[in-house]
Structures are given as C-alpha cells and as structure tokens.
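The values are calculated or read from the model by the stated rules, or taken from the named source; none is laboratory data. This is a predicted model, so every value here is computed, not measured. Here the Cβ is made from the backbone with ideal geometry for all residues, glycine too, and neighbour counts use every protein chain on show. SASA here: full protein model, heavy atoms, side chains in, ligands and nucleic acids out. Shrake-Rupley method; radii C 1.70, N 1.55, O 1.52, S 1.80 Å.
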Amino acid sequence: MQDSIFTKIIKDEIPCHKIYEDDTVLAFLDIHPITTGHMLVVPKKQIEFLWDLDDETYQHVMAVAKKLSNHARVTLNVPFVGAQVIGVDVPHAHIHIIPFTDVSEYHNVPDMSAEPNHGALSATARKLTLI
Ligand code: AMP
C-alpha cells in the first residue's frame, strides 16, 4: 500500500502543525481550515475509512477528539465545536474537529487551491498544542 499524505506526516517526512500525539493518534491543523483551530485527528494506522478501524483504535480516536474539542473550546474561547467525517480527499481515516462561534462559520467552504497561511496556522498551533 502506498503511504497516504497523513502517513508521510506521521513518519515526519512532511511537516504539519502538530497539536497532539500519542502511540496511536496524531492530531494536527488542517492546512485549509474551515475555521481557526480546524484540526484533524488521525489514527497512525493507515486504514482508509474511520468505520473500518478496530474498536480499540476507533474508541481511542474518539476519546482524543473529545479531549481536543473541549481543549479548543477553552483555549480558543468558542461556544461550539463541530465534527465531521468526510474522507473524500485523503484515503486515511480522520475526524475533522471544527471550533466555531457562529454557525455560518461552520459552513465556510475553504479554497482548497489557496496557498496555506502557515503563519496563522503556527500561531493557532502554539495556542492549541497539547504535546
Ligand atoms: P477529506 O478526506 O475529504 O476529509 O479531506 C481531507 C482534509 O485534509 C482536507 O480538509 C485537507 O485540507 C486536509 N489536508 C490535506 N493535506 C493536508 C496536509 N498536508 N496537512 C494538513 N491537512 C491536510
């Protein structure tokens, strides 16, 4: 199986704005964020669909998603944190965690062809990191 872009991030072959890491999971900021703090919680095991993970890994991914969502609510001072499972672009299981204040932000459609704003992403990662 070819390494996914997320496996390359997990192997440190390409950089990311890391938020959290343990033996099973890596979480980092989405480079085309829907909102400030939009992050991806990714199992280190490369399995295409979240729904195909073994129960133990799935439950751990969900537990980390919960922990990071509550952390984002406090750290970014936002009332809501949404979650999405899409998986159309990257064939490696992940959950999108999306902090927001107004529901209109949650429906933002990012320009996927735009150059990532690494300055803004670094500043957000500095606030959110739990490493
Ligand atoms: P989807 O597979 O449809 O859930 O979307 C994959 C998400 O991964 C998109 O929101 C992309 O912006 C994001 N993404 C793709 N490559 C990277 C990367 N190198 N670092 C961070 N996020 C990424």
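General remarks:
- On Cα atoms only, tilt of 118-128 relative to the major axis of the chain in degrees: 90 degrees
- Accessible area per residue for the chain, computed on protein heavy atoms with a 1.4 Å probe, is 57 Å².
- Dipole of the chain [Lys/Arg +1, Asp/Glu -1 at C-beta], most positive-end residue of Q84, S4, H17: H17
- Candidate lysines for bridging to K127, where Cα separation is under 23 Å - those fewer than 8 sequence places away on the same chain excluded: K18, K66, K67
- The H on the amide N of H38, modeled in the peptide plane, is under 5 Å from the matching H of no residue at least 5 residues off or on a different chain.
- Shape class of the range 1-74 from the alpha-carbon gyration tensor: oblate, with a/c at 1.5 or above and b/c at least as large as a/b.
- Evaluating 6.51 cos²θ - 1.76 cosθ + 1.60 at θ = phi - 60° for every residue in the range 94-110, the Karplus couplings come out as 6, 10, 8, 10, 10, x, 7, 10, 10, 4, 4, 5, 5, 9, 4, 10, x Hz, glycine and proline recorded as x.
- Carbon/sulfur fraction of accessible area - the chain, other protein chains in place, 1.4 Å, %: 54 percent
- Sequentially through the range 7-24, phi angles give Karplus couplings (6.51, -1.76, 1.60; θ = phi - 60°) of 5, 5, 5, 4, 7, 6, 7, 10, x, 8, 9, 6, 10, 7, 8, 9, 5, 10 Hz, Gly and Pro residues having no value and appearing as x.
- Under the combined filter of DSSP loop state and at most 11 neighbouring Cβ atoms within 10 Å, the range 20-128 retains these chymotrypsin sites (Phe, Trp or Tyr not before Pro): F49.
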